[in-house]
Structures are given as C-alpha cells and as structure tokens.
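The values are calculated or read from the model by the stated rules, or taken from the named source; none is laboratory data. Model, not experiment: these values are computed from the prediction. Heads up, the Cβs are rebuilt from the backbone with ideal geometry, glycines too, and the neighbour counts pull from every protein chain shown. Protein only, heavy atoms only, side chains kept; ligands, DNA and RNA dropped before computing areas. Shrake-Rupley method; radii C 1.70, N 1.55, O 1.52, S 1.80 Å.
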Amino acid sequence: MSKNLNLTLRVWRQRGPADSGAFGTYKADGINDDMSFLEMLDVVNERLIGDGKDPIAFDHDCREGICGSCGFVIDGRPHGPQPGTTVCQLHMRHFNDGDDITVEPWRAAAFPIIKDLVVSRAPFDKIIQAGGYISAPTGAARDANSTLIPKPTADLAFDAAACIGCGACVAACPNGAAQLFTSAKIAHLNLLPQGQPERWSRVTSMVEVMESYFGSCTNYRECEAVCPKGISIDFIAKMNRDFLQAKFRDKKKLAGGPLGDAG
Amino acid sequence: MPELNASVPPGPLAEKWDNHKFDTKLVAPQNRRKFQIIVVGTGLAGGAAAATLGEMGYNVKAFCFQDSPRRAHSIAAQGGINAAKNYKSDGDSVHRLFYDTIKGGDYRAREANVHRLAEISTQIIDQCVAQGVPFAREYGGLLDNRSFGGAQVSRTFYARGQTGQQLELGAYQALSRQVELGSVKMYPRTEMLDLVMKDGRAVGIVVRDLVTGEITSHSAHAVVLATGGYGNVFFLSTNAKGSNVTATWRAHKRGAYFANPCYTQIHPTCIPVSGDYQSKLTLMSESLRNDGRVWVPKAKGDKRPANQIPDAERDYYLERRYPSFGNLVPRDVASRAAKVVVDEGYGVGEIANGVYLDFADAIRRLGRATIEQRYGNLFDMYAKITGDNPYEVPMRIYPAVHYTMGGLWVDYNLMSNIPGLFVIGEANFSDHGANRLGASALMQGLADGYFVLPTTIAGELATQLNQPPVSTDSAEFRAAEQSVKDGISRLLGIKGSRTVDSFHRQLGKTMWEHCGMARNTAGLTAALKEIGQLREEFWSDVRVLGENESLNQSLEKAGRVADFLELGELMCQDALHREESCGGHFREEHQTPDGEALRDDDNFAYVAAWEFAGAGRPGVLHKEDLNFEFVHLAQRSYK
C-alpha cells in the first residue's frame, strides 16, 4: 500500500552556463511513494509553474533507465541511493517522510552546466567518433552466422555494450575521468572478432580524445560503484592493456616489424 | 477525389524490388557530393539513413532533439528484431514473414512494401552483426532466436531485453564514424519546427536550437523525416517523454498527407497505471509471453494472493480462447482479451486494473537461472517500478499505448506526396497495416534506413542534378522562419492559468477513453467536441513561463502539445470514418459474434490519407486502394 511523504528539496538552480548558480529550497508535500524521483520533480514543477516560478530543468526521456538522458546527484551520489538504478527508475519508496534531499547536476569540468540540472555531455560523442565503431559499410556484410562467436565472448561484449552513456561515472570520479565509459565501448568492440581489424587504432584514438577532455584515472573505483548498468572496471584494465600493446606495436612497426593493424 | 499513386513497380511480387532497384535512376559517386540531404531524427531509421547516405558520399545534416543522437527512443525497444533467416529450420521463409506481416496487419498494408521488408530482413541481421551488435548466441557460437506473437516460427533475433539499445548503438556508431569523416554534420538538441516548400517541393526545414532558442533555416535537395510515432497524444504511453508528432504534423500542415492516423497499437504487456501522477507507462517485452502464462482468477473480485489461487480456479484465457497461438497471439488480440476480462471484473491488483503474467511454470521447468538469463533486466525493471519480485509473484500487466502504425503517407519509394520529402521508420504509415507484429518495428526502421531509402532517394535526387539548393535567404525560408517565431511568441504571450501538462493529460484521457482499445460512434463524436474545446482553451489559457532565448522545456512541450491537440481530432475523425474493425482499430459496432475484429473489405480496403484543411476543420480524405494480388483476404484466426 502506498503512503505519502513530505520532503524538503535543495536543488541547484543555474540560469545558464555563465550564471554562478545557487541552491533553491522547495517543499515537496504529499508525495506518493510509488512515484519515481522524476515524477516527484514533475509534481514540484507543476506547483512552481502554478506559482509563476521557473520550473527545474532536468534531462530525461525514456524513463525506463535505458536512454541515458537523465542523471543528477542526489545527496552526493550520482543517480541516488539505490545501486544499479538511474534516477528515472528510482522510486520514492526508498525515501522517508521528512527527508531533506539535495539535488545537484553532474559536476565535471568536461560537462558544463547548461541550466539547473542539465549538462552538456558532448565529449562522450567525440570519444565515440574517434573510433567507437566497426567500419562496416552498409550492404557489404556476409552472412551473420558465418562468424561463430563463443557465447562467453558474446556475453562479455554485451556486458560492456550495456553502457547507457549517462555520465554518472564521470560525475562520481574525483578526477572527472571517463575511463569507464571509454573502456566499455572499447571492450565491446575489441572483444569481438569483427572488431579485430581496427582494434589497435581504435584504442589509441579513443584514449587520446578521452584524455583531451577528461581527467586521469587513479583507481578510486567510484565509477563502478555508481554505474547504473553495473559496468565493471575490469574493462578499464583491458583498455589499458590494449592501449599499451598498441603503443608497443607502433614501435615495432617503426622498427620494420611485421605487425600491421590487424596483426 | 484524386487517386493516390503508390508507384508500386509492376511484375511478380518477389521480383518487384530487384527490378525497381535496376530501374531507379542512380546518382554517380562523383556527383553525390553535390547533394545536400537533411535527416530529422536519429533513431534506427534516421541514424541508419544518415550513416548510409554519408557513407555513399552525400552531404548530410542530421538533427535530433536529444542531447546525443544515441538517445533516440529506438534505444528503448526491448524484445527483438525479426528476420527470415530460417536458422532454426522451422519452415520460415521470406514469403512466410511477408504473409505473417500482412495477416498480422489485418490486411491493411501494401503488399509490395511488406514483401520488400521481408526480403531485406535477412540483410539487416548480417549488417548489424558486421557492426558488432552483440546478439544472443548459442553455446556453439551461432545466433539464437526466439518467438514473438503472430508467428509459429522462431525468427526473432535479440540482445537480452535490450535489442533496441544495441541496434540503436550500432546505427549511432556508424553515424559517428561519418560525423568524424565529415560527411554528416550533426545537430543535437535541435528541433524541427517547420518544413519549407518552394514550387510544391520540400526544400528545407526551420529548426530551433533548444539551448539558445535560435531559429535557423537549413536547405537541401531532399528532406527525410525519421521522427518516430505519435503515441504520446495519449499522454500515457510507453514512448519516451520527448517523443512527439511535431515534425510530421508541421509537414502535414504544409501539405503532406497523414495516413491511417487512427491505427494505434495498444501493447498487451505493460505495467498497469498506479496513480494520477503517473508520467509514462513501462512496457514489459512481448518476449515474456514465450515463457509467461497470462491468467486471471475464475471468480470475480478474487482478492487472494496469486499463489494461493489453485490452478483449477485460474482462467488462462488466451490459451483457452486461442489454443493454437496461446499466449503468443498478436498484440491487438491479446490487448482486447485483457480489456474484456478486466472490464468484466476479473482484474487483479489493488485497483483491479491488471492481469497476471506468471512465470512459475517456466521457472519450475527451466530453472530460475535460465529465466534470469533470458529476461533478467526486465524482471529487475519490473521490481524497481512496482516493488514486487516477479520471480516469486506473477507480474501484473495491462495494455498501454505503444506504437502508431499510422503516419505520413509514402509511396513505394518512401516519398510523401510532396516531392523531395521522404518519411521513414515509425513516422511513415507503410508496412504494418492496422496492427504491427512484435519485433517488426526494428526491422522496418533499419530496412528503411539502411537499405530502402538510400536506394530510392537517388531516383528523386537524379532529377535535381546540378541544381543548387534553394537559398535560405529566399522569401520562402524567411516566411517559414517568421511563422515559427510568431508561433513561439504566441505561446509565450498567452500567460494563462493552466500548465502544458494539464492540457496534455486531459487530451490523453479523452483519447484513451474514446479512441483507445475500443471505439464507437458516440464516443468518437463526443471526443471530437471535447478536443475542439480543449484546443480553444489551450490557446487562451495555457501558461508557458520564461523566454525563447534559453533552454525552456515548458516551451518545447507547449509546441508539441499544440500539435497533439490537432492530431487528436484527426485521429478521431479517421476512426469515426472507418466503419469497420481491423487490427488495432476496434469499432464496437463491427465485431464477430465471439468479439473479434470484423473487417469490411468491400468498403474499406484502402489507406485513408488525410489532407490538412485548417485547424479545427475536417481533413480532406484521399484514398489509396489496397489491391491484394498475392494474398487471399481472410478473417484472421489465431484459434
């Protein structure tokens, strides 16, 4: 049976990238605990508009935890207190009547604030553009079953591919690093036979672009702890291994060795 | 009444596409860079099209309202994608997929398009595997399949319960590669607000930068709309919150015909509504019906917990009514059957608004680990939303608006009645007739985007060779920009008392009550009146705060809801005029004695394509007759 909560929200309000921003305090009374966190914000916003005040801006779309649009920091934790859960899938039954809740945008140098809880995550797209793909021109593919992929390999690639690109990993990292995001895509593609021809160039260019926007990884493991999809930091180790190997191969190539990109 | 010509190529069904590809004019590789193409929307259809067109050498501009093209709503599709690979040797073939799709659509789709879709289905899987889409595999390393509704073969490829995500990321990655190569210029957080026409041709679009509010124009030789469906007219649906009809509706207002708007798909397995605050409904994939059994108690108002109701006191109504397809009947049939039992008082849950989807037998038979592997993420999602554990108690489900088969009318080339304007994916009306089969939306989106459009668009572009795109300084663009700006000023200037959402909710309630799972003359007539009044109230009393020149989510929503208010009327008008039941369109006046949809092939075997005649005025009907040369029309039976 559902019950009602009376809450106090401290929400980061910032009109635009140039504004300095500050917390605003809002009462959220009569919140049904079957609501999602975003539905609670919808209710607060409807009331704000009723009072003639600017509603709180936040990114959201599918509200099923898969599009990666939503995400902000709740009481110091990206996506809030429930492990493996995006804010759109976080329900108010995990909060108590009378709670004070602090809501802030992702804080990271690479993610400038656009308004309130909305940030730009454009550098993620840049990382993918640098090599997060397999070059497979439309129409040139051979029969899908002509490449056998052992189930454990396919499953592991899938685990990495499950990343939704929400940015929680960056927000959680004291260094604002994007290793978990980047390594997940590299692992997805570098594990598969189809990904081998571009394996070394992929890891090299994606890591370079990543480093041009984001901080460095110093193994705090905060990223893994807050990832709503449970992406493992083992993929970071794999990325580092591939990156070093790629550099090593470059040297060998310069020395006249036989190792090409596909080697 | 002018006849609509679908430009279906002549010849035997199975040869039409191959012949047409040969007969279509080509644009030579060195000439492609002379063409500018606009693609709006970056889901499976738009993302695949923009990537492929860029790869071919065209200049592409791609637009999406999300902050990244990867987030288009295709990403939320769960269950799978159909393809006539016959990897299971269970009798599948291109012809069978074609036939199942035509029948599943209740004989209201165009034969030639559907056959082409079935032919291309196999290439899609090849393409996606080559891109690295991690489809489910068997231990031997081969691709795995499962079954979906409306089919008696296993032809659905899947990636856990996140098939849409993986296919979308595949298209997004192919698109990203082209962005890096410079062939595609990407405009995220940008919304199309008007189509620009010159001398009867589509020559560009007007867009709003959602961060700065800047209104700009973009000119092209062809405009491709891949902007998805309009299920959010119901407010509550399984669509993403941002999904909207604005791009296609504004094109409709510029002359593009809107076809079969009343064909909406109500998906049978969604989490039931829990309260007034509800902002959206969540789908539980159709794939669950492979292993889940649908039932309600045999006694009305039975309040015992599910596991205390013995088997003999349960009504597995789908297995009872449809023994040969059982729990895997098509969506429209399953949805109506659920509505019947809930309306009769057999519903379960706190407010008796659901039916059970029970995995107890499957868990006993296969073990919990197998079920977890097949559906783990769906079970987790269910548990998060409801607080119940579906491994221990049955899921409660109820139908919800999911997909819209209607959309802008297109010919065989996927071109609308406006030269230069193409429409692909869910945004067009083409392949699913009056009901879409599960796992066919992903198939159609990718078929259109990767394979059909890049071929057919050349035929149209070839006529434009060496003609520069219309200047965005021309009077046509200036006028369109001005009308967009005026529309925004008008919304901001009303300063009324009601929020945008309150109008949207009210519209959705009217649509769900009168233009939802069951429709009748009285209800539709009442809805038309209600919506007309609501539209007037909206334009005199909506409250949109803030300004145009910054991120303003209320303003974005207001523009979209204004369009939904006009679309809602057209949907009711279409539903009222179609005096038959077919697929997702169920008119209570037209049913068989045992409550199945009763078509009227003599009078309604046509596509209803509506021409805009002004807000609040009835649309003008144009008909495309559906001629079935290869399939024998029959009463659908899944018994």
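Tell me, what is the per residue accessible area of the protein assembly as shown in Å², probe radius 1.4 Å?
On a per-residue basis, the protein assembly as shown sits at 34 Å².
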Study note, to complete from the structure: If each part is reduced to its alpha-carbon centroid, the stretch B:80-114 and the stretch A:199-219 end up apart, in Å, by 44
Practice item. Specify the angular offset, from 0 to 90 degrees and rounded to the nearest 10, of the alpha carbon long axis of helix A:199-213 from the longest principal axis of the alpha carbons in chain A. Key: 40
Review point. Under a point spin-label approximation (7 Å from Cα along Cα-to-Cβ), what is the A:LYS247-B:ASP486 distance to one decimal in nm?
Key: 6.2
**Study point:** DSSP bridge pairs, chain B: antiparallel proportion in percent, nearest 5
**Key:** 70
Review point. Rounded to the nearest 5, what % of the DSSP beta bridges within chain A are antiparallel ones?
Key: 75
**Study point:** Shielding by partners, peptide B:116-126 (average Cβ within 10 angstrom, other chains)
**Key:** 2
Point to revise | Label point distance in nm, B:ASN603-B:HIS577, each placed 7 Å from Cα along Cα→Cβ | key: 1.4
Review point. Residues of the stretch B:55-77 losing 30 Å² or more of accessible area relative to the isolated chain, 1.4 Å probe, heavy atoms only?
Key: B:GLU55, B:ASP67, B:ARG70, B:ARG71, B:ILE75, B:ALA76
Point to revise | Residues with amide H under 5 Å from that of A:ASN32, placed H, sequence gap 5 or more | key: A:LEU5
Exercise for review: Enumerate the calculated ³J(HN,Hα) couplings along the stretch B:158-163 in order (Karplus 6.51 cos²θ - 1.76 cosθ + 1.60, θ = phi - 60°), each rounded to whole Hz, writing x wherever the residue is Gly or Pro.
Suggested key: 8, 10, 6, x, 10, 4
Review point. Tally Lys and Arg at +1 and Asp and Glu at -1 over the other residues with C-beta under 13 Å from the C-beta of B:ILE215: what net charge comes out?
Key: -4
Study note, to complete from the structure: Sorting B:LEU437, B:VAL179, B:TYR158 by the position of each Cα along the dipole of the protein assembly as shown (Lys, Arg +1; Asp, Glu -1; all at Cβ), the one nearest the positive end of that ordering is B:VAL179
Check your understanding: Roughly speaking, what is the centre-to-centre gap between the stretch B:356-413 and the stretch B:204-272 when only Cα atoms are used, to the nearest Å?
Key -> 27
Exercise for review: State the extension gain, in nm to one decimal, for the chain segment bounded by B:ASP18 and B:LEU366, taking 0.36 nm per residue of separation less the distance between their alpha-carbons.
Suggested key: 120.8 nm
Point to revise | Under 5 Å, built H, 5+ apart or other chain: amide partners of B:GLN265 | key: B:HIS402, B:TYR403, B:THR404, B:MET405
Exercise for review: Excluding A:ASN96 itself, calculate the net charge of residues whose Cβ lies under 13 Å from the Cβ of A:ASN96, where each Lys or Arg counts +1 and each Asp or Glu counts -1.
Suggested key: -3
Revision key, fill the gap. Contact order relative to length for the stretch B:242-398, counting C-alpha pairs under 8 Å separated by 6 or more residues, stands in percent at 27
**Study point:** Under-5 Å amide H pairs with B:ARG160, H placed in peptide plane, nonlocal only
**Key:** B:ALA136
Practice item. Would you mind putting B:337-344, A:123-130, B:365-372 in packing order, based on average other-beta-carbon counts within 10 Å, highest first? Key: A:123-130, B:337-344, B:365-372
Exercise for review: Determine the relative contact order of the stretch B:236-303: mean sequence separation of Cα pairs under 8 Å and six or more apart, normalised by residue count, in whole percent.
Suggested key: 40
**Study point:** Residue mean of other protein chain beta carbons inside 10 Å, A:11-18
**Key:** 1
**Study point:** Under 18 Å from B:LYS303, Cα to Cα: aspartates and glutamates that are on another chain or at least 8 residues apart
**Key:** B:ASP311, B:GLU313, B:ASP315, B:ASP343, B:GLU344, B:GLU350, B:ASP358, B:ASP388, B:GLU392
Revision key, fill the gap. When the charge dipole of the protein assembly as shown is computed with +1 at the Cβ of Lys and Arg and -1 at the Cβ of Asp and Glu, the Cα pointing farthest to the positive end, of A:CYS67, A:SER120, B:GLY141, is that of B:GLY141
Revision key, fill the gap. Taking every other residue with Cβ under 10 Å from the Cβ of A:GLY230 and scoring Lys and Arg +1, Asp and Glu -1, one gets -1
Check your understanding: Across the stretch B:398-414, in residue order, what do the Karplus-derived ³J(HN,Hα) couplings come to in whole Hz, using 6.51 cos²θ - 1.76 cosθ + 1.60 with θ = phi - 60° and x for Gly and Pro?
Key -> 7, x, 8, 4, 9, 8, 10, 6, x, x, 5, 5, 9, 8, 4, 7, 6
Study note, to complete from the structure: In degrees, nearest 10, the alpha-carbon axis of helix A:151-161 is tilted away from the dominant principal axis of the alpha carbons of chain A by 50
Check your understanding: Given the C-alpha centroids of the stretch A:84-116 and the stretch B:555-584, what is the distance between them in whole angstrom?
Key -> 36
Exercise for review: Quickly estimate the mean residue ellipticity at 222 nm for chain B, helices only: each DSSP H run with n ≥ 4 gives -39500 (n - 2.57), and the total goes over all residues, rounded to 500.
Suggested key: -11500 deg cm²/dmol
Review point. Of the heavy-atom accessible surface of chain A (probe 1.4 angstrom), what whole percent is carbon and sulfur?
Key: 52
Practice item. Return the average number of partner chain Cβ atoms within 10 angstrom of each residue Cβ along peptide B:278-286. Key: 4
Point to revise | Mean separation of Cα contacts under 8 Å (6+ apart) over length of chain A, as relative contact order % | key: 18
Exercise for review: Using label points projected 7 Å from each Cα along Cα→Cβ, tell me how many nm separate B:GLN591 and B:LYS253, to one decimal.
Suggested key: 3.8
Review point. At a probe size of 1.4 Å, how large is the accessible area of B:VAL114, to the nearest 10 Å²?
Key: 0
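By average Cβ neighbour count within 10 Å, what is the ranking of A:86-93, B:94-101, B:441-448 from highest down? Don't jump to the answer; show the numbers that get you there.
On the way: A:86-93: 24.1, B:94-101: 21.6, B:441-448: 30.2.
Descending packing order for the listed peptides: B:441-448, A:86-93, B:94-101.
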Point to revise | Positive-pole candidate from A:ALA18, A:THR204, A:LEU156, dipole of chain A, charges at beta carbon | key: A:THR204
Point to revise | Chains A and B, summed buried accessible surface - 1.4 Å probe, Å², nearest 100 | key: 6300
Revision key, fill the gap. For the B:LYS298, A:TYR220 Cβ pair and Förster radius 60 Å, calculated FRET efficiency rounded to 0.05 is 0.55
Exercise for review: Quantify, in whole percent, the carbon and sulfur part of the accessible surface of the stretch B:269-401 (1.4 Å probe; protein heavy atoms only).
Suggested key: 49
Review point. Relative to the Cα centre, what is the charge dipole magnitude of the protein assembly as shown, using +1 at the beta carbon of each Lys and Arg, -1 at the beta carbon of each Asp and Glu, and rounding to the nearest 20 debye?
Key: 1760
Review point. Over the protein assembly as shown, what is the percentage of antiparallel beta bridges among all DSSP beta bridges, to the nearest 5?
Key: 70
Exercise for review: For the stretch B:228-245, take each phi angle, set θ = phi - 60°, evaluate the Karplus expression 6.51 cos²θ - 1.76 cosθ + 1.60, and give the result in whole Hz per residue in order, putting x for glycine and proline.
Suggested key: x, x, 10, x, 6, 4, 7, 6, 8, 7, 7, 5, 5, 4, x, 4, 7, 9
Practice item. Determine the share of the stretch B:475-600's accessible area contributed by carbon and sulfur atoms, expressed in whole percent, with a 1.4 angstrom probe. Key: 52
Practice item. Using per-residue counts of other Cβ atoms within 10 Å, averaged over each peptide, order A:174-180, B:487-493 from highest down. Key: A:174-180, B:487-493
Study note, to complete from the structure: If the chain between B:GLU611 and B:GLU547 were fully extended at 0.36 nm per residue, the gain over the current Cα-Cα distance would be 19.7 nm
Study note, to complete from the structure: Rounded to the nearest 10 degrees, the helix A:37-50 long axis (Cα) sits at an angle to the longest Cα principal axis of chain A of 50
Revision key, fill the gap. FRET efficiency for A:SER20 and B:ASN520 from the Cβ-Cβ distance with R0 = 45 Å, rounded to 0.05, comes out at 0.15
